[in-house]
Each structure stands twice: as structure tokens, then as C-alpha cells.
Amino acid sequence: MIKNNVLKGVFLVGLGATSYGMLATFVKLAYNEHFTTAEVTSSQFILGIIGVLFINIFQKLTTKKPVVKATLKNIFQLMFAGTSLGMTSVFYYLCVKYIDVSIAIVLLMQTVWMGVLLEMILDKKLPSKQKIIAVSIVLVGTILATNLIYNQNPIDFKGIFWGLLAAASFTTTMFTANRIATNVSSAQRSLFMLLGGAIIVFGFGIATQTTAFNFEIFLKWGIYLALFGTIIPPLLMNAGFPITGIGLGSIVSALELPVSVLMAFIILNETVIISQWIGILLIIFAIVLMNINTSKSKT
């Protein structure tokens, strides 16, 4: 029974990570049709909030057990934490605008060493040798995966800048999401974090949108962006992580990296050479190395 539950958790987290991995390709396709970053992010968050709101209503009507309601303090904390979620979307989509998806996802995965650094600052103690080795592998893997050595065409540094900012804000999101209002249902937590993120997204849209807003984005790409970016992954991962544990869950969630690169390779026809695949495998290995003890203790 325990193994079956773990397999269920692995499936849920893996499916959620796969959904996230598809996201950047949809964003790139929307850019190819001349939609702006403001239009892309706004449509994703608006439709995402509507979808998660309906899920909350459905759960309230169908769940027989009493649901813990979020207090005003919980709502404020979750919305504040959600601002980093909004910043992650804005920064990551700006990154995708300037560089290939296969490189952008590698930059986003720098959350591995950023998480270790943040943990060291918050806990005020040096990381273990295992984590230091894993971070070193990530950095080597990043050099290979972004093709810095063999790339004859220079990478736009604006893309690198926005990609690293996206990784930093995503690191903040992961830390706060796992520590704030954990007694509240995942659907409620997702809703209030999305509302907080929407403040950032709408503010960005107002500040940067210089042309008339193209509402076609809602029907063309908004639905895909909302489903694969703000509805499916958080719900599946919030359901799967308690079963797998953080260690095993983190390993499975690394599926986002190869899925994103494969989508870019197949759909966008981006060039991905062997050394880049080696770099991607190194990053995944580092994630496994960093979490292997935790996953063993869980199972």
C-alpha cells in the first residue's frame, strides 16, 4: 500500500512537472504571433484565477469534511508570497523573449544552487559537502547545457539577466509556499497566491503595454498557459509532494527540464547538441544527489 501511494505521488508530481515543462514553448509560440509579454502573463493569470476559483467552489460543494478556511492573516501572507510567483512569470517570459527555450529552462533551474544559498543564509550554517558537490555539478552542467563553449552566436545577455532573476524569484516562491499557511487546502493556497501574483502581472502590464490590448490571446494561447502554468501543476504537485516527500518529489520534478528542452527541439526546431544534453543530465544528477538521502528516509 505504501509503495502504491508513493507511485501515485510520483505520477502526480511528474505530471505536474511535465505540464510546467510545456509552458515556455507555448509562450514562444504566442510571441511568434506578436503577442506581448503583458498579454501573455495577464491572460494566464486571469484565466488561471477563474479556473482555481471554480475548483475551490467545487471542493466546497462536494467535500463532506469541514474545510479549514484561510484567515485574513493567511490570505495576506499567501498573497504577499504570491508576488514572487508573479515576478517569476514576468521574468521568465521576458527571458524566453530574448533566448531559446532550451537555454531559458536551464537558467530557471539555477534554483538548485540559489536554494542552497538561501537556506545557508536563513539557517546561518554552511551547506553539507553533498550539497556543495551538487551545486558544483549544476554549475558545470549549466555551462554545457547553455552551450557557452561551442556556441558561435553570442547569447543575448538580456535573456540571461531575466532568466537569473526568474530563478531567484522562483527560489523565493518555493521557500515561502512550503512554509506559509500549510494548514489551508492547496486550492485555497493556489488561489490567494495567484491573486498576489496578479498584482505584479497587472502592474507590469500597465507599465509596459504601449499598444491596445489584444484580447485574442485569451482564446488562442491563454487557455493553454493557464492550464499548464497556473492550474494543473500547482494542484498536482501540492497533492503529490506530501506523498513523495520533498526529496523524491524534487527528483521527479526535475522532469521539467528535459520535457521543456524536448518541446523546444520538436516544436520550435531549436538546435540542441550532445554537449547540451550532457549538461542537462548533469543538472538532473545533481538534483538527485542533493535529495537522495531525503527520498530514502521517506520510503
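One table, with the values for the structure above:
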{"read-out": "Sole exception among (1) of a type in the set (G, A, S); (2) free of Cβ contacts under 8 Å to residues at least 24 places away in the same chain; (3) under 19 Å from T208 (Cα atoms) for S128, by number", "value": "(3)"}
{"read-out": "Any pair with Cβ under 9 angstrom, 6 or more apart, that starts in the stretch 15-36 at a residue that is within 17 Å of T88 (Cβ to Cβ) and ends at one that is among the polar types (S, T, N, Q) and open to solvent by 10 Å² or more (accessible area, probe 1.4 Å)", "value": "G16/N238; G16/S253; A17/S253; Y20/S253"}
{"read-out": "Which listed residue, of S169, S136, is surrounded by fewer than 20 Cβ atoms within 10 Å (Cβ to Cβ), hydroxyl-bearing (S, T, Y) and part of a helix (DSSP H, G or I)", "value": "S136"}
{"read-out": "Residue in the stretch 152-159 that is out of contact with any Phe, Trp or Tyr (no Cβ under 9 Å at 6 or more places or on another chain), on the phi < 0 side of the Ramachandran plot and in a helix (DSSP H, G or I) present", "value": "no"}
{"read-out": "Any hit, the stretch 240-251, residues being farther than 30 Å from K60 by Cβ and hydroxyl-bearing (S, T, Y)", "value": "yes"}
{"read-out": "Test: residue in the stretch 176-198 that is assigned to a helix (DSSP H, G or I) and surrounded by fewer than 16 Cβ atoms within 10 Å (Cβ to Cβ)", "value": "no"}
{"read-out": "Subset of the stretch 102-117 [in contact with a Leu (Cβ under 9 Å, 6 or more places away or on another chain) and polar (S, T, N, Q)]", "value": "S102, Q110"}
{"read-out": "Filter result for I143 (assigned to a helix (DSSP H, G or I) and either surrounded by 23 or more Cβ atoms within 10 Å (Cβ to Cβ) or free of Cβ contacts under 8 Å to residues at least 40 places away in the same chain (or both))", "value": "no"}
{"read-out": "Pair list, Cβ < 6 Å and 6+ apart or interchain, from the stretch 212-224 residues that are aliphatic (A, V, I, L, M) to residues that are assigned to a loop (DSSP other than H, G, I, E, B)", "value": "I217/F35"}
{"read-out": "Residue in the stretch 226-238 that is out of contact with any Ser or Thr (no Cβ under 8 Å at 6 or more places or on another chain), hydrophobic (A, V, I, L, M, F, W, C) and open to solvent by 50 Å² or more (accessible area, probe 1.4 Å) present", "value": "no"}
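The values are calculated or read from the model by the stated rules, or taken from the named source; none is laboratory data. Because the structure is predicted, anything quoted here is derived from the model rather than measured. Cβ atoms come from the backbone with ideal geometry, glycine included; neighbour counts cover every protein chain shown. Quick note on the areas: whole protein, heavy atoms, side chains included, nothing else; ligands and nucleic acids left out. Shrake-Rupley method; radii C 1.70, N 1.55, O 1.52, S 1.80 Å.
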